[in-house]
Amino acid sequence: MSLATPWVSRRTLLAAAALAPAVARAQQQTTVIDVTRARTDPIPIAIPDLAGATGDAQRLGRDIARVVVNNLRGSGLFRPIDRQAYIQTPEAAAQTPRFQDWRVIGAQALVTGRTEVQPGGRLRVEFRLWDVLPETQLQGTAYTADINNWRQIAHVISDVIYERLLGERGYFDTRIAYISETGPRDRRTRRLAIMDQDGENHRFLTDGRFQALTPRFHSQRPADRLHVLRRRSAAGVPVRSRHRAAGGAGQLPWHDALPRFSPDGRERGARRRPRRGYQHLHR
Amino acid sequence: MLGLQDIQVTLLAVVDQAGVIREVRPGPEGVPRDPRARSVYEAARRALLDPACSPLPVPRERLAAVNNFEFRFTPRGFIR
């Protein structure tokens, strides 16, 4: 307490005296509850079609919403609500969600958005993720891509929803490379194939003229680099590693097995297997 | 990113005389910045605001004296 400014001290004391009972009462009125038994139920989520101004945009909005619904339902961690229960229309929800309409059907999360087909075959997709009960927006993002990549946009949106609501990275924008085997047992045709994680966009990258084995994605650029072991014939020993880019293929100068990319993606490594039978690691 | 064993989020809930949660605010630490902890915080907020959680199963005479609850959520129950 300062003697030079007694009136300040007096006011402070008076204020403190006046507040003390209220502070004490507030402290007494707070009860602490520890919730330690966590359990997980699928999150009920509403995903209406993305709105669009034209017929093409509406069709793409419907298709994107369908892919997102399938992705999230397939994860087992979300429970998409039947769209027959929706009260607000997708167009109106894309403008401003009426949260009571989504709360009453049991939705805890809501996805709204809009698609726009732009000149030059481009597609712009805006989407928003809402937390229905506190009525807050969790995420708002726009993507522009070639219109043919609408399915990948849907996977990316699924990943964002998954990560934002669960705190873990999503896996929907993932491609799977595998070796397709067809034909009789003694004349198998092995072809390198690739598809989205949901089985769509399937295509063969090799035509079966050589045997393809052990595909590996490039560690840094999985979108355009894929390692594949190729063998000239079913009985032939020579085995060569090839990497296949978007349009062509390269070749390593040795016979090898189990080719992999290094973690930084700059080098290719393989086990060398000369005819004497021992192996070395090479890069 | 935090592990499940490190996460604890605190929320303050204001409850009316009937035991219905009327308002949920972040605790003294605020909204977590860590993505995983933030998702736990938001899940806890959804749980408190869910109509299934109201009214709180608290004796009526206690509700007359207490209207602020501090909930501390931890997902450690997932770890076995």
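The values are calculated or read from the model by the stated rules, or taken from the named source; none is laboratory data. In this text, all values refer to a predicted model and were calculated from it rather than measured experimentally. Cβ placement follows ideal geometry from the backbone for every residue including glycine, while neighbour counts extend to all protein chains displayed.
Considering only residues that are crowded, with 17+ Cβ neighbours inside 10 Å and at the interface with another protein chain (Cβ under 7 Å from one of its Cβ atoms), which ones fall in the stretch B:48-66? Result: B:49, single match. Of everything in the stretch A:30-74 that is touching a strand residue (DSSP E or B) at 6+ places or on another chain (Cβ under 6 Å) and of a type in the set (D, E, K, R), the residue that is nearest to residue B:7 (Cα to Cα) is A:34.
Would it be correct to say that residue A:146 is within 14 Å of chain B (Cβ to nearest Cβ), touching a Leu at 6+ places or on another chain (Cβ under 9 Å) and among the charged types (D, E, K, R)?
Details: within 14 Å of chain B (Cβ to nearest Cβ): no; touching a Leu at 6+ places or on another chain (Cβ under 9 Å): yes; among the charged types (D, E, K, R): yes.
No.
Look through A:120, A:106, A:74, A:113 and report the one residue that is of a type in the set (Gly, Ala, Ser) and closer than 25 Å to residue B:25 by Cβ.
Details: A:120 fails: closer than 25 Å to residue B:25 by Cβ; A:74 fails: closer than 25 Å to residue B:25 by Cβ; A:113 fails: closer than 25 Å to residue B:25 by Cβ.
From the options A:120, A:106, A:74, A:113, the qualifying one is A:106.
Restricting A:138, A:110 to those that are in a strand (DSSP E or B), closer than 16 Å to residue A:49 by Cα and within 14 Å of chain B (Cβ to nearest Cβ) reduces the list to A:110.
Given the residues B:36, B:76, B:45, which is the only one that is in contact with a strand residue (DSSP E or B) (Cβ under 8 Å, 6 or more places away or on another chain), within 7 Å of chain A (Cβ to nearest Cβ) and outside any strand (DSSP E or B)?
Going through B:36, B:76, B:45 in turn, the sole match is B:45.
Taking the listed residues A:25, A:11, A:37, the one that is at the interface with chain B (Cβ under 10 Å from one of its Cβ atoms) and at pLDDT below 50 is A:25, with no other qualifying. In the condition set (1) in contact with a Lys or Arg (Cβ under 7 Å, 6 or more places away or on another chain); (2) farther than 25 Å from residue A:64 by Cβ, residue A:201 is compliant with all but (2).
Screening A:145, A:177 for residues that are of a type in the set (A, V, I, L, M) and at pLDDT below 90 leaves exactly one candidate, A:177.
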